[in-house]
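Asker: Could you have a look at this structure, given as structure tokens, before my questions?
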Amino acid sequence: MTDITPHTVVAEFNANDETGGTSVTINLPASSTLLADAQLGDSISINGVCLTATDLSTSPSDDGGATTVPSFKVGIAPETLRLTNLGDLKKGSGVNLERAVRADTRMGGHFVQGHVDTVAEIAAIAKDGNALTFRFAPRSAEVLRYIVFKGYVALDGTSLTVTKVDDGAGWFEVMLIAYTQEKVVVARKKVGETVNVEVDVLAKYAEKSMAGYLGAQGEMLVKPFLEGMVENLVAQAMGGHS
């Protein structure tokens, strides 16, 4: 994650821009280097949604002075508005931003594509010491098949570890430590608000491959096996750490 700060905000949400579509302009902190080597057409994730930069410029700051801050604009397709919560953005909304990963960088967390699977509502928030546990109820309960205990899920673009899942009740939980609470927009949201959810794409590939191998009944047969396999692999990779 990069440039996830309270000062990264929506400067303008235009539902009818010069192209007849929807666009969003984002202002970054004056000290930000996120756009230092950015080019028109680059991919930039906004709250976990991969979008294309259509304008790179500077905008007046909101401090009432004459200073300017780095900014960029993206267009949002109708399908993206239907599948994500970006339509809820307004001027002043805080957002998570992330540039596309480079091949020469260190890989951490899990692979996040910026392709949102569904939207989830915050069902509950509970304190646990200085940490916060968030419970999410996804709009499409089918994504729970790819969400496993100690596995990964991306919420508004933030890769987080799953601490509990209840398939029957239709929810999952994650815990935010104090450091993460200061860095991501999820921590500033309230019960009833929503997040964009992207599940682990590797679980999808594994399921499809196994289902094809087992035939027409593959999906029904492979689901419990796949969930157990993923849980074991994640537990081994993490060495028992949460």
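Asker: Do you know which of the residues in the stretch 206-242 that are in a helix (DSSP H, G or I) and among the small types (Gly, Ala, Ser) is modelled with the highest pLDDT? Can you show your working first?
Answerer: Quick first cut of the stretch 206-242, residues in a helix (DSSP H, G or I) only: 206-214, 218-238.
Subset that is among the small types (Gly, Ala, Ser): 206, 209, 211-212, 218, 228, 235, 237.
Numbers: Ala206: 83, Ser209: 80, Ala211: 72, Gly212: 71, Gly218: 56, Gly228: 77, Ala235: 73, Ala237: 68.
Per the stated criteria, the residue is Ala206.
Asker: If the requirement is being in the same structural domain as Ala38 (by TED's automatic domain parsing), out of contact with any Phe, Trp or Tyr (no Cβ under 9 Å at 6 or more places or on another chain) and surrounded by fewer than 17 Cβ atoms within 10 Å (Cβ to Cβ), which of these qualifies: Glu193, Glu79?
Answerer: Numbers: Glu193 fails: in the same structural domain as Ala38 (by TED's automatic domain parsing).
When all the criteria are applied, what remains is Glu79.
Asker: Looking only at the stretch 145-161, which residues are within 18 Å of Leu226 (Cα to Cα) and buried (at least 21 other Cβ atoms within 10 Å of the Cβ)? Explain how you work it out, then say what you get.
Answerer: Just the residues of the stretch 145-161 that are within 18 Å of Leu226 (Cα to Cα), to begin with: 145-153.
Hits for the stretch 145-161 are Tyr146, Ile147, Val148, Gly151, Tyr152, Val153.
Asker: Separate question: Please specify each residue of the stretch 115-149 satisfying the condition of being charged (D, E, K, R) and either free of Cβ contacts under 8 Å to residues at least 60 places away in the same chain or over 14 Å from Val199 (Cβ atoms) (or both). Lay out the reasoning, then the answer.
Answerer: Residues of the stretch 115-149 that are charged (D, E, K, R), as a first pass: 117, 121, 127-128, 135, 139, 142, 145.
Correct list: Glu121, Lys127, Asp128, Arg135, Arg139, Glu142.
Asker: Here's something else I'd like to know. Could you tell me which residue of the stretch 20-56 is farthest from the chain's Cα centre (by Cα), considering only residues that are β-branched (Val, Ile, Thr) and over 11 Å from Gly75 (Cα atoms)?
Answerer: Filtering the stretch 20-56 down to residues β-branched (Val, Ile, Thr) leaves 22, 24-26, 33, 44, 46, 49, 52, 54.
With the extra rule that they be over 11 Å from Gly75 (Cα atoms), the set shrinks to 26, 33, 44, 46, 49.
On the way: Ile26: 17, Thr33: 21, Ile44: 12, Ile46: 8, Val49: 7 Å.
Residue satisfying both the conditions and the ranking: Thr33.
Asker: Inspect all residues belonging to the stretch 120-138 and state whether any of them is of a type in the set (Phe, Trp, Tyr) and more than 15 Å from the chain's Cα centre (by Cα).
Answerer: If we filter the stretch 120-138 for residues that are of a type in the set (Phe, Trp, Tyr), which is where we start, we get 134, 136.
If we keep only those that are more than 15 Å from the chain's Cα centre (by Cα) as well, we get none.
For the stretch 120-138, residues of a type in the set (Phe, Trp, Tyr) and more than 15 Å from the chain's Cα centre (by Cα): absent.
Asker: I would also like to ask the following. Can you spot a residue in the stretch 85-96 that is within 30 Å of Ser23 (Cβ to Cβ) and part of a strand (DSSP E or B)?
Answerer: Within the stretch 85-96, the subset within 30 Å of Ser23 (Cβ to Cβ) is 85-96.
Restricting the remaining residues to those that are part of a strand (DSSP E or B) gives 94.
Yes, the stretch 85-96 contains a residue that is within 30 Å of Ser23 (Cβ to Cβ) and part of a strand (DSSP E or B).
Asker: Follow-up question, since we're still on this one. Any residue in the stretch 116-136 that is closer than 30 Å to Ser59 by Cβ and not β-branched (Val, Ile, Thr)? If you could, list the steps in order and put the result at the bottom.
Answerer: Here is the first cut: in the stretch 116-136, the residues closer than 30 Å to Ser59 by Cβ are 116, 119.
From the residues that got through so far, the ones that are not β-branched (Val, Ile, Thr) too are none.
No, the stretch 116-136 contains no residue that is closer than 30 Å to Ser59 by Cβ and not β-branched (Val, Ile, Thr).
Asker: Still on this model: Going through the stretch 129-142 one residue at a time, which ones are at pLDDT 95 or above and either in a strand (DSSP E or B) or under 26 Å from Asn232 (Cα atoms) (or both)?
Answerer: Ala131, Leu132, Thr133, Phe134, Arg135, Phe136, Ala137, Pro138, listed by residue number.
Asker: Between residues in the stretch 67-96 that are under 16 Å from Val116 (Cβ atoms) and residues that are loosely packed, with under 13 Cβ neighbours inside 10 Å and among the hydrophobic types (A, V, I, L, M, F, W, C), which pairs lie under 6 Å by C-beta distance while being six or more apart or on different chains?
Answerer: From residues that are under 16 Å from Val116 (Cβ atoms), there are no pairs.
Asker: If you go through the stretch 171-205 one residue at a time, how many are part of a loop (DSSP other than H, G, I, E, B) and either in contact with a Cys (Cβ under 9 Å, 6 or more places away or on another chain) or within 17 Å of Phe225 (Cα to Cα) (or both)? Reasoning before the result, please.
Answerer: Start the filter on the stretch 171-205 by keeping residues that are part of a loop (DSSP other than H, G, I, E, B), which leaves 177, 184, 189-193, 200.
Applying the additional criterion that residues be either in contact with a Cys (Cβ under 9 Å, 6 or more places away or on another chain) or within 17 Å of Phe225 (Cα to Cα) (or both) yields 200.
So the answer is 1.
Asker: Return the only residue of Thr2, Thr8, Thr19, Thr25 being within 14 Å of Leu89 (Cα to Cα), β-branched (Val, Ile, Thr) and modelled with pLDDT under 90. Let's see the steps before the verdict.
Answerer: Details: Thr2 fails: within 14 Å of Leu89 (Cα to Cα); Thr19 fails: within 14 Å of Leu89 (Cα to Cα); Thr25 fails: modelled with pLDDT under 90.
Step by step, each of Thr2, Thr8, Thr19, Thr25 is checked, and only Thr8 is within 14 Å of Leu89 (Cα to Cα), β-branched (Val, Ile, Thr) and modelled with pLDDT under 90.
Asker: One residue is enough: does the stretch 105-115 have a residue meeting the conditions assigned by TED's automatic domain parsing to the domain that holds Val197 and either basic (Lys, Arg) or more than 15 Å from the chain's Cα centre (by Cα) (or both)?
Answerer: Checking the stretch 105-115: not a single residue is assigned by TED's automatic domain parsing to the domain that holds Val197 and either basic (Lys, Arg) or more than 15 Å from the chain's Cα centre (by Cα) (or both).
The values are calculated or read from the model by the stated rules, or taken from the named source; none is laboratory data. Everything numeric here is computed off the predicted structure, so don't read it as measured data. Glycine also receives a Cβ, built like all others from the backbone with ideal geometry; neighbour counts cover every protein chain displayed.
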